[in-house]
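Structure first, commentary second.
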Amino acid sequence: MRCAVAAALAMLSGCLDPEPVVLTLGPASCMPDAPAVVAFEPIPVGGHESRELVIIGCAFDHELLDASITAGPFRVDPEFTPPRTLALGEVLRVPITFDATTSGTAQGELVLRFRRGQLAVPLTGAARDCAPTSVITGGDGAIGAFEPVEVDGHESLGACGTSLTGWRWEITPPFGPTVVTRSPVASFEPDLVGPWDVRLEVVDRLGRTDTSEATIEVGPVRRYHVELTWAPPLFAQGGESDLDLHVLHPFAVGEDIDHDGTADGWFDLPFDVHWNNAAPAWGFAGGDDDGRLDRDDREGPGPEVVSLEDCGGVDRYRVGVHFFDDHGSGARVARVRVFFERGLVADRSATLAVGDLWEVGTILCDGTFESASGPSGERVWANVEVVAPGTR
Ligand SMILES: [Ca+2]
Ligand SMILES: [Ca+2]
Ligand SMILES: [Ca+2]
């Protein structure tokens, strides 16, 4: 089918105009030297398709008195107004439209009345009951957080294989706002672990739509994956704010934040992996047992991510969140999710004020998670200053 064959181009520019049917008037009689049929491509019911009949003049001046449809659901463009005179080699274009009102084949006739005679041109058209189809390809296979994803709508088609005029993608993360893009291909970088819903609505030339959906399962970057996100409490104002994820190796000493005579581990260098210590070397040779800050975020809403592939001869890592700066925008609800081998092992939330340091709990190397001990099961230190020298 014309538009289907030219699909790639047509998606950019709309369906291509069909080739005109040429009717050459013979020099002897000044009547056509070959029969001509104007055949329209199959189109959806409700659609309209236009083609041109091109008449090329003969050796004598020739006058077309009238062009009229005598049968069938066809019409001549009302702006085409005979009589028209054709000199040698002159071209006259008769625009004809097929109105696909009902399903099936349509026959018709265009009668051209010249001063020297009359000519009937058969017209044929076909209308189908058909609808556009939205097709999503790509985004297959195991995808880890932060790996680019491309989903493609090029296999979608308008009704009866005609071209499309619009694409609308909705990309919805496991939580958070949906992002909308409008092009045949959508690219994004999933930063949250979990199912990402992808929806594609296509629009064809008749304004008909179809929608398809796909789900892309996004996994952790390494076997242990700790993810921090944050949001304003309900009805609170938005704005920038900077919360920081901390994951502590058991060797962390740090400062005595609560002045109880015991060092608390936070901000230790190199055993607290956080923004000021994003890629420390821990334990055994090689990076698998090194905590790593895969994603830092200074404005919100996250995620910040710390990952590990293996425990390097130790059995646990503490997880905390420090509210570094609220930029005057107030409290935030911090959410920490911990994944082990693609499974969610902890999903905790706490409302924090600037300066709070929330000890969320401990990742054990058997893939389980223990909440920190404290009056509410977890622990929050207030008014914690950054201990390590920072540049922020
Ligand atoms: Ca941060
Ligand atoms: Ca202490
Ligand atoms: Ca190491």
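The values are calculated or read from the model by the stated rules, or taken from the named source; none is laboratory data. What you are looking at is a predicted structure, and each value in this text was computed from that prediction instead of being measured. Because the Cβ atoms are built from the backbone with ideal geometry, glycine has one as well, and the counts that use them run over all protein chains shown.
Data table
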item: Entirely in segment 189-304, the strands (runs of 3 or more DSSP E) that have 3 or more residues that are within 14 Å of ligand 1 (Cβ to nearest atom) and either touching a strand residue (DSSP E or B) at 6+ places or on another chain (Cβ under 8 Å) or on the phi < 0 side of the Ramachandran plot (or both); result: 224-231, 242-248, 292-295
item: Output for segment 309-363, where each listed residue is within 21 Å of residue 296 (Cβ to Cβ), in contact with a Pro (Cβ under 7 Å, 6 or more places away or on another chain) and of a type in the set (Lys, Arg); result: 332
item: Segment 317-338 residues that are within 25 Å of residue 221 (Cα to Cα), paired with ones that are of a type in the set (S, T, N, Q) and surrounded by fewer than 21 Cβ atoms within 10 Å (Cβ to Cβ) (beta carbon under 6 Å, 6 or more apart); result: 318/362; 333/349; 333/351; 335/349
item: Qualifying position, being surrounded by 22 or more Cβ atoms within 10 Å (Cβ to Cβ), modelled with pLDDT of 95 or more and either out of contact with any Asp or Glu (no Cβ under 7 Å at 6 or more places or on another chain) or assigned to a loop (DSSP other than H, G, I, E, B) (or both), among 333, 314, 319, 345; result: 319
item: Residue match in segment 175-189 (condition: surrounded by 19 or more Cβ atoms within 10 Å (Cβ to Cβ), within 27 Å of residue 307 (Cβ to Cβ) and not β-branched (Val, Ile, Thr)); result: yes
item: Residue tally, condition away from ligand 3 (no atom under 15 Å from the Cβ) and surrounded by 12 or more Cβ atoms within 10 Å (Cβ to Cβ), over segment 257-286; result: 13
item: Spans of strands (runs of 3 or more DSSP E) in segment 93-184 with at least 2 residues in contact with a Leu (Cβ under 8 Å, 6 or more places away or on another chain) and outside the structural domain of residue 341 (by TED's automatic domain parsing); result: 104-114, 117-128, 164-172
